[in-house]
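A short write-up of the structure that comes next.
The values are calculated or read from the model by the stated rules, or taken from the named source; none is laboratory data. As the structure is a computational prediction, the values presented were derived from the model and not from experiment. Heads up, the Cβs are rebuilt from the backbone with ideal geometry, glycines too, and the neighbour counts pull from every protein chain shown.
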Amino acid sequence: MRTSMTIREDTMKHGWGVLIGIGLIVGCANVWADRGNAVINGTTEGSPVSGSATLKDTPRGLKVAVKVAGVPPGRHGLHIHEQGACGDQGKAAGGHFNPAGVPHGFLPKDGSTKAHAGDMGNIEVSRKGSGKATVILPGVSLRGTGGTPSVEGRAIIVHENADDFGQPVGNAGGRIGCGVIMITEK
């Protein structure tokens with residue numbers, strides 16, 4: 001017959017293992033729970049440009065969904081830039097986010113050895129001035145978990161022209177929209 005002490009010891013020995021296992025599962029799930037957003041505004045006084053970006057860590061990389069309005073029709077370069085500042089007509093955001101010092105490209109297609117961590121390609125804008133784009137950036141995360149580059153506190157830039165993927169930054173021209181990436185949910 002087991003004594004109450006033996007049952008407690010057994011529970012402690014095996015119960016902790018179960019709790020630790022559950023904690024590891026929950027902890028792993030939370031690695032992909034970060035969410036963020038950026039409110040995009042025009043970079044010049046009186047600009048009609050507006051929009052938003054939602055960002056979510058996923059097992060495949062950082063999912064970025066961008067919506068814009070008040071943008072001239074056509075294709076416009078879309079990048080994450082180094083700094084989380086939108087002043088000086090978006091120039092305060094600095095250059096493209098490129099922590100690995102690699103050439104410019106389209107990250108989802110070219111990979112992290114041939115594209116900047118912030119190279120998101122283009123957003124197609126309708127004749128009505130609105131557009132949507134969703135991209136997954138492999139090897140990038142909101143907080144830099146697992147050794148990936150972090151975009152927290154950086155800026156998303158909408159450029160005046162299409163990104164032609166040329167060197168060094170895609171010839172997308174000036175910056176017409178900018179929003180700072182903020183963590184909104186863990």
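Here are some residues: Ala93, Ala100, Ala133, Ala155. Which one is among the small types (Gly, Ala, Ser) and over 18 Å from Ala38 (Cα atoms)?
Matching residue, one of Ala93, Ala100, Ala133, Ala155: Ala100.
Suppose we filter Gly170, Gly177, Gly84 for residues that are assigned to a loop (DSSP other than H, G, I, E, B), buried (at least 23 other Cβ atoms within 10 Å of the Cβ) and in the same structural domain as Val49 (by TED's automatic domain parsing); which single one remains?
Answer to the check: Gly170.
Go through region 130-186 and give me each residue that's more than 16 Å from the chain's Cα centre (by Cα) and modelled with pLDDT under 90.
Asp163, Asp164, Phe165, Gly166, Gln167, Pro168, Val169, Gly170, Asn171, Ala172, Gly173
List pairs: first in region 97-113 and surrounded by 13 or more Cβ atoms within 10 Å (Cβ to Cβ), second aromatic (Phe, Trp, Tyr), Cβ under 7 Å, 6+ apart or cross-chain?
His104/Phe165; Gly105/Phe165; Phe106/Phe165
State all residues of region 120-139 that are in contact with a strand residue (DSSP E or B) (Cβ under 6 Å, 6 or more places away or on another chain) and part of a strand (DSSP E or B); if no residue qualifies, say none.
Selection gives Met120, Asn122, Ile123, Glu124, Val125, Gly131, Lys132, Ala133, Thr134, Val135, Ile136, Leu137.
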